[in-house]
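The values are calculated or read from the model by the stated rules, or taken from the named source; none is laboratory data. Every value quoted in this text rests on a predicted model; they were computed, and no experiment measured them. Here Cβ is always computed from backbone atoms with ideal geometry, including for glycine, and neighbour counts include all displayed protein chains. Each accessible area value is taken on the protein alone, full model and side chains, heavy atoms only, with ligands, DNA and RNA left out. Shrake-Rupley method; radii C 1.70, N 1.55, O 1.52, S 1.80 Å.
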Amino acid sequence: MGLETLTDSSARIRANELITQKDSIENEIKEQEQILKGQGVGMSEPLVDRSGFPRDDIDLVVVRTARARIIALRNDHKDVMNEIEKMLHIIHAEAKAKTVVKEEEKEHSMYRDLRNECFNEEREGVAYIVFACVDRVTAFALVNAVAPDSPASEAGLQRNDKIVRFGHLHADNHRALQAVNLLVSESENKSIDVTIERGDEGQRLVLKLTPRRGWGGRGLLGCHILPTKGAK
């Protein structure tokens, strides 16, 4: 079976089989080493005397057989350890992938829950999604200023709007707005969904914001945002 076809479960089964095989090899190596010890030699002592004749104080056949077996077992052990390492890489990669998928599913599920509690509305040519409920996501940034005729202004963003979500970013992952800056720089001329909270009643809206140059001012958005107190 090729490595590319192994799943996490089959890799775990194969790893357990290999570990059992490794333990068996190690036990046999110890047995063969005990045979050599019984002959009073190891793996490197000469099997001839000073005159060049075969030693008569040991069983040469037993020693040669044990040494050859140990060499073969050590090679097998090396191969098994390499296979175990490959299985562990597969298991760890699968575990990491499952963690990422679970985080994405959790985030998407939360966003779907929000959308299920809202209704669509068109207002002055700007597409809004107006949330009729107070969702469970908290604001992490405040819009401090919006330049006229800027991408932010065209999207409908206003001063004192509180940002709840900026694309896939929210209160738990924006990294003191650094992730927002990175997303904006990577999304030039691409639409980003921005969920904001507006007014004393905390009305939730989703605006379509498209970062771009050449609008007549500085930056890609034309607005200034600040992290709210306690934002991560």
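Being in contact (Cβ under 8 Å) with a residue 12 or more places away in the chain and open to solvent by less than 30 Å² (accessible area, probe 1.4 Å) is the filter here; which residues of region 175-197 pass it?
If the condition is that a residue be in contact (Cβ under 8 Å) with a residue 12 or more places away in the chain and open to solvent by less than 30 Å² (accessible area, probe 1.4 Å), then 177, 180, 183, 184, 187, 192, 194, 195, 196 are the ones that fit.
Among the residues in region 21-38, are any under 28 Å from residue 90 (Cα atoms), among the hydroxyl-bearing types (Ser, Thr, Tyr) and either in contact (Cβ under 8 Å) with a residue 12 or more places away in the chain or exposed (fewer than 15 other Cβ atoms within 10 Å of the Cβ) (or both)?
For region 21-38, residues under 28 Å from residue 90 (Cα atoms), among the hydroxyl-bearing types (Ser, Thr, Tyr) and either in contact (Cβ under 8 Å) with a residue 12 or more places away in the chain or exposed (fewer than 15 other Cβ atoms within 10 Å of the Cβ) (or both): present.
Looking for whichever is modelled with pLDDT of 95 or more, aliphatic (A, V, I, L, M) and assigned to a helix (DSSP H, G or I) here; the options are 29, 13, 90, 84. Which one fits? Lay out the reasoning, then the answer.
Numbers: 13 fails: modelled with pLDDT of 95 or more; 90 fails: modelled with pLDDT of 95 or more; 84 fails: modelled with pLDDT of 95 or more.
Sole residue among the options that is modelled with pLDDT of 95 or more, aliphatic (A, V, I, L, M) and assigned to a helix (DSSP H, G or I): 29.
I'd like to check something: does region 198-210 contain any residue that is touching a Pro at 6+ places or on another chain (Cβ under 9 Å) and either touching a residue at least 24 places away in the same chain (Cβ under 8 Å) or more than 15 Å from residue 142 (Cβ to Cβ) (or both)? Step through it out loud before you land on a result.
Step one: of region 198-210, the residues touching a Pro at 6+ places or on another chain (Cβ under 9 Å) are 209-210.
Cutting the leftovers down to either touching a residue at least 24 places away in the same chain (Cβ under 8 Å) or more than 15 Å from residue 142 (Cβ to Cβ) (or both) gives us 209-210.
Checked region 198-210: at least one residue is touching a Pro at 6+ places or on another chain (Cβ under 9 Å) and either touching a residue at least 24 places away in the same chain (Cβ under 8 Å) or more than 15 Å from residue 142 (Cβ to Cβ) (or both).
Which condition breaks for residue 189 when tested against (1) within 13 Å of residue 156 (Cα to Cα); (2) assigned to a loop (DSSP other than H, G, I, E, B); (3) of a type in the set (S, T, N, Q)?
The single condition residue 189 does not satisfy is (1).
Are any residues in region 209-232 farther than 19 Å from residue 175 by Cα, under 29 Å from the mean Cα position of the chain (by Cα) and surrounded by fewer than 18 Cβ atoms within 10 Å (Cβ to Cβ), and if so, which ones?
Scanning region 209-232 gives a single hit, 210.
Would you point out which residue out of 14, 69 is touching a residue at least 60 places away in the same chain (Cβ under 8 Å) and open to solvent by 80 Å² or more (accessible area, probe 1.4 Å)?
Every option except 14 fails the conditions.
Taking region 152-174 only, how many residues are touching a helix residue (DSSP H, G or I) at 6+ places or on another chain (Cβ under 7 Å) and either surrounded by fewer than 17 Cβ atoms within 10 Å (Cβ to Cβ) or at positive phi (or both)?
Of the residues in region 152-174, 3 are touching a helix residue (DSSP H, G or I) at 6+ places or on another chain (Cβ under 7 Å) and either surrounded by fewer than 17 Cβ atoms within 10 Å (Cβ to Cβ) or at positive phi (or both).
Output the residues belonging to region 39-66 that are open to solvent by less than 50 Å² (accessible area, probe 1.4 Å) and either touching a Lys or Arg at 6+ places or on another chain (Cβ under 7 Å) or closer than 24 Å to residue 20 by Cβ (or both).
Within region 39-66, 47, 66 qualify.
What is the number of the single condition among (1) within 12 Å of residue 224 (Cα to Cα); (2) open to solvent by less than 50 Å² (accessible area, probe 1.4 Å); (3) not charged (D, E, K, R) that residue 140 does not meet?
Every condition holds for residue 140 apart from (1).
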